[in-house]
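In what follows, a structure is listed as structure tokens, so that the remarks can point back to it.
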Amino acid sequence: MSDLFNLTVEEHADYAIIRTEGYVNNLGGERIGEAADQLIEQGVKKLVLNFEKSNVVNSIGISILIEVIEKVVDVDGRICFCFLTKTIEKTFNIMGLTQYAEIYETEADARASLA
């Protein structure tokens, strides 16, 4: 499994999109967490995490995503995931992430829900 991971952040007026590419392990999770922390510090309360180019999230990556969700909830924000594989979606459901985060098929659907 390759440890290569990249992310991009696209900021909008009242939300931001974090797009991931690669394996969301401890390193990928930490990069997502750092990006989310910076956005929250800037006052962004709505996040879309696009996993279109990430097919695997390990347990450490999930634990960091839980921390991100908690931080978003603490600021009365919203977080959405999109383009999850069926396996990742099932894992997120089992782990309880979907109690506090929303899942959408596409980024457009996630963005529309934040409007």
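Here is a check on your reading of the model: is Ile103 in contact (Cβ under 8 Å) with a residue 12 or more places away in the chain, under 19 Å from Leu4 (Cα atoms) and touching a Leu at 6+ places or on another chain (Cβ under 9 Å)? In short, no.
To keep it simple, each residue is scored yes or no on (1) modelled with pLDDT of 95 or more; (2) closer than 20 Å to Ile40 by Cβ; (3) surrounded by fewer than 13 Cβ atoms within 10 Å (Cβ to Cβ).
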site	(1), (2), (3)
Ile64	yes, yes, no
Glu67	yes, yes, no
Arg78	yes, yes, no
Cys82	yes, yes, no
Thr85	yes, no, no
Met95	no, no, no
Ala101	yes, yes, no
Ala112	yes, no, yes
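For Leu7, are the conditions met, namely being in contact with a helix residue (DSSP H, G or I) (Cβ under 6 Å, 6 or more places away or on another chain), within 22 Å of Thr106 (Cβ to Cβ) and surrounded by 15 or more Cβ atoms within 10 Å (Cβ to Cβ)? Before the answer, list the steps.
On the way: in contact with a helix residue (DSSP H, G or I) (Cβ under 6 Å, 6 or more places away or on another chain): yes; within 22 Å of Thr106 (Cβ to Cβ): yes; surrounded by 15 or more Cβ atoms within 10 Å (Cβ to Cβ): yes.
The answer is yes for Leu7.
Within region 12-22, which residues are under 18 Å from Glu52 (Cα atoms) and either surrounded by fewer than 19 Cβ atoms within 10 Å (Cβ to Cβ) or charged (D, E, K, R) (or both)? Within region 12-22, Arg19, Glu21 meet the criteria. The residues of region 35-64 that are among the acidic types (Asp, Glu) and more than 17 Å from Cys80 (Cα to Cα) amount to a single one, Glu41. Listed by first and then second residue, the pairs with beta-carbon distance under 9 Å, at least 6 apart or on different chains, first residue in region 83-98 and closer than 11 Å to Leu65 by Cβ, second outside any helix (DSSP H, G or I) and of a type in the set (S, T, N, Q), are Ile88/Ser54; Ile88/Asn55.
For region 34-64, taking the residues that are touching a residue at least 40 places away in the same chain (Cβ under 8 Å) and not polar (S, T, N, Q), the one that is farthest from Tyr104 (Cα to Cα) is identified as Val56.
The values are calculated or read from the model by the stated rules, or taken from the named source; none is laboratory data. Everything numeric in this text was worked out from a predicted model, so none of it was measured. Positions of Cβ are backbone-derived with ideal geometry, glycine not excepted, and every protein chain shown enters the neighbour counts.
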